[in-house]
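Step one of this worksheet: look at the structure below.
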Amino acid sequence: MAASEGGQGSARSERADREKYAHLLGHAGRATVAVRPAPGVDPAPLWGSGVFVAPGWVLTCAHVLVSGDGRRRPTGPDGEVGVAFGGRVAAARLEYDLSRPAPEYPAGHGPRTDLALLRLLDPDVAHPCAWLSDQPAALLEDAFIFRGHDRPGAGTDAGYGPGEGDAVGARPAPAHVIAPAPMDVDPFIAVRFGARDARGLQFGSDVRVTPGASGGPLLDCDRGEVVGIVKGSHREDRVGLAVPVTELRRLAPYHLVPGAEGLGDDPYHALMSLHDRWHWAGQDLGGSGEPTWFDAQHAIMSGRGRLWGVQERLQALDLLASLPAPRDPLVVAAAVAEALGRADPSGRTGRAGPWTLRTWRDGHGALYQGSDPYTELCAFVHYLRIVAQRTADEARGVAGDEGAGMRAAAERLALFVAAKAVVLLPRDRERIGPVRRRPDSVLVEFEPLFYDDAGGRQLFNWSVSEGYGQGQWQRVEVQESRNGMTFEEARGQVLRRLGPRLLRADDAAGGVRVRLEVAVPEEHWHTAADRWQVPASTRRTARLRPLGPARAVVLRDQGRRQEDREGVDPAWLRRWQGLVGAGRLTALRVPPGQRASVSGLSRLLEEADEGAVPALCRSVADGTGLEAVGWALDAGHPVALWPAGGHDERDCDRVCDEFHREVRQLLGAPKSVAELPELVRELRAKAAEGGASWARDLVLLYDDPGNPIPQLFSQGTQLSPQ
């Protein structure tokens, strides 16, 4: 831009500001681009300006792409426009137009935002990115606006200047590292005042804003952030208007222009995640990188006494960028309200009135309330703890790699919270609390040891663990005895302790009744764990109640262990994936007829369809039923159903036919195999009230290979007779 034409006093003031903010202004100048016709078009007049906000993405005003008569600017054959920066012109295309009203409004009505996003067609082009504020702007004191360069090739020797954008000079530079440039040319205009009203950010300067500045960034130097995108200025005076960057929160899928690729179902979250990750990666920690935007911010803000500074914000926003978007924006507002100690989670901020909080990043920006440094630090730590906890909770219901990624991201954020909380006073650490892991199940394991010499009885040890999914277990109680005990004795000990354990796990899970999983060896597959009775409270004289009607209870095969040496049985994993991907579950009657040979059983179970669930009406304590379950597990079947008190080797009768009809109906109900434990619980509850009698002692084997049971004893503690 042209240099300031104000008086000598203004010039001296501006030169002082330039010196104070030299590096910051340099970064902003290099991130500013000129928007013009596509490469190769001549003449190529300047349409307006823009600013790089994420790798490959330019933010500008929507009206920059519209000519004075209201028609779209002419573009290349595939809709290309030109983005000039660094002495070059790159091809780009309009992807999002925020001036398009929402589809639920009548044509020509509804809220519109004068913003647009251009995407570079070459994804490998290296360029800098400006820092977009995560909080709304109010009053501007030290601020500048930037304009794209309208003279092709200019500015490349000076580092940046009135050439084509944020020239990084003739020398190539890394994608994230842009060295400060000489300050011998002014590419900006100083803002004399600025404030936000209903129309946006109004600002005034000592000189008239040069045409072509629309779409360029408005930089708040006090915070070192881009807070607005220049929209226009009055012809008669030196007052301009900018669109606050927080208006980007309106970005939605319906703003995608026809034929564009876009950023997925939540473009705003995706764009800001790219933005925050780029800035974090640009720090090149441990390397010898050149000064970055955040180095300039740190230089400006040093000495202000803030406990939540530039470094903390940089890392926190990178960690938040790795999380999935909140399912509901109201969750963000509620987290902000809780962190600030407010009762009204309305999404309001004290300085800027009501505004929508769409992402965890937006919530972070809402915490800057002008508090003292310690109170501000408490608010940020508290907020991030809430976010880590909510993400960990949501990950419980997400399977596969997506769920594992969510859990890992929540854990990284929790570690960051723990590191920042160490400087808080004990009372505040206690008030905020740690990021608690919330269990989704409790596992009871019975581990066979050996047979005693007297009566040949099999002896056991036992343990109780809390489960967090993906094979993550924490043992909370264990009985490791050299002599062991009978199964009945072990079960009795477990039942005396299990009630309080389940109640504590329910409380840690937010009041949800967690699933009980019971791992037994094959001689005890007929165990009716759903009919176990445990105390209903922690009272010494508490009443007993059966487990099955109140919570999901499933059986696990104790023979399937989490073995690091061998990994998960491929047949088991393949069968589980088949059930998860099957369009519907089907019942496989085992054995199919009155008599069954061993070879017939194994062939039937090995050749079963992907969605098949073995169902038995015979006793699985011995005989054909025991053999059938053994072959089912050997064939990899992770889910099966049988009654705890099935019939003996006699032929099946009409009661068996009715049982299998009910099982077929049960398996036809769930949309996914994950719903089966809860459906069986509902049947048990009906049976307890006098209905669905066939399901009174129904046993559900539910053995997810993605969540294998752990080893009960480590090597060296497996006991044997002396």
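Things to note:
- Length added when fully stretched, SER99-GLU649, from 0.36 nm per residue minus Cα-Cα: 190.5 nm
- Förster-model FRET efficiency, 22 Å R0, ALA126 and ARG277, C-beta, rounded to 0.05: 0.90
- For segment 422-541, the Stokes-Einstein estimate of translational diffusion at 4 °C and a viscosity of 1.567 mPa s comes to 80 µm²/s, using the Kirkwood hydrodynamic radius over alpha-carbon pairs.
- Model label points for ARG664 and SER302, set 7 angstrom from Cα along the Cα-to-Cβ axis, are 7.8 nm apart.
- Simple spin-label estimate for SER481 and ALA542 gives 2.3 nm between the two label positions (7 Å along the Cα-to-Cβ direction from each Cα).
- HN-Hα J in Hz across segment 115-125 - Karplus 6.51, -1.76, 1.60, θ = phi - 60°, x for Gly and Pro: 9, 8, 10, 9, 10, 5, 6, 9, x, 8, 5
- Between ARG412 and LEU679, the modelled labels are 3.8 nm apart [label points 7 Å from Cα along Cα→Cβ].
- The length gained by stretching the chain between GLN458 and ARG496 to full extension, at 0.36 nm per residue less their Cα-Cα distance, is 11.5 nm.
- Applying the Karplus relation 6.51 cos²θ - 1.76 cosθ + 1.60 with θ = phi - 60° to segment 686-698 yields 3J(HN,Hα) values of 5, 5, 5, 9, x, x, 6, 4, 5, 9, 4, 10, 5 Hz, where x marks Gly and Pro.
- Net charge over other residues, Cβ less than 11 angstrom from the Cβ of LEU320 (K, R count +1; D, E count -1): 0
- Rg [Å, one decimal], Dmax [Å, integer] - segment 386-487, C-alpha atoms: 19.7, 62
- For peptides 476-484, 535-543, sequence by mean Cβ density within 10 Å, most packed first: 476-484, 535-543
- Highest average first, the peptides 597-605, 50-58, 411-419 ordered by how many other beta carbon atoms sit within 10 Å of their residues are 50-58, 411-419, 597-605.
- Interchain or long-range residues, amide H under 5 Å from GLU477's placed H: VAL464
- Computed lengthening from ARG431 to ALA508, 0.36 nm per intervening residue step minus Cα-Cα distance: 26.1 nm
- Here the peptides 322-328, 360-366, 515-521 are ranked by packing, the mean other Cβ count within 10 Å, and the order with the highest first is 360-366, 515-521, 322-328.
- Cα centroid separation - segment 235-277 against segment 512-529, whole Å: 53
Values in this text are rule-based calculations from the coordinates and carry no lab data. Everything quoted here is computed from the prediction, not taken from an experiment. With ideal geometry, Cβ positions are generated from the backbone for all residues, glycine too; neighbour counts draw on all protein chains shown.
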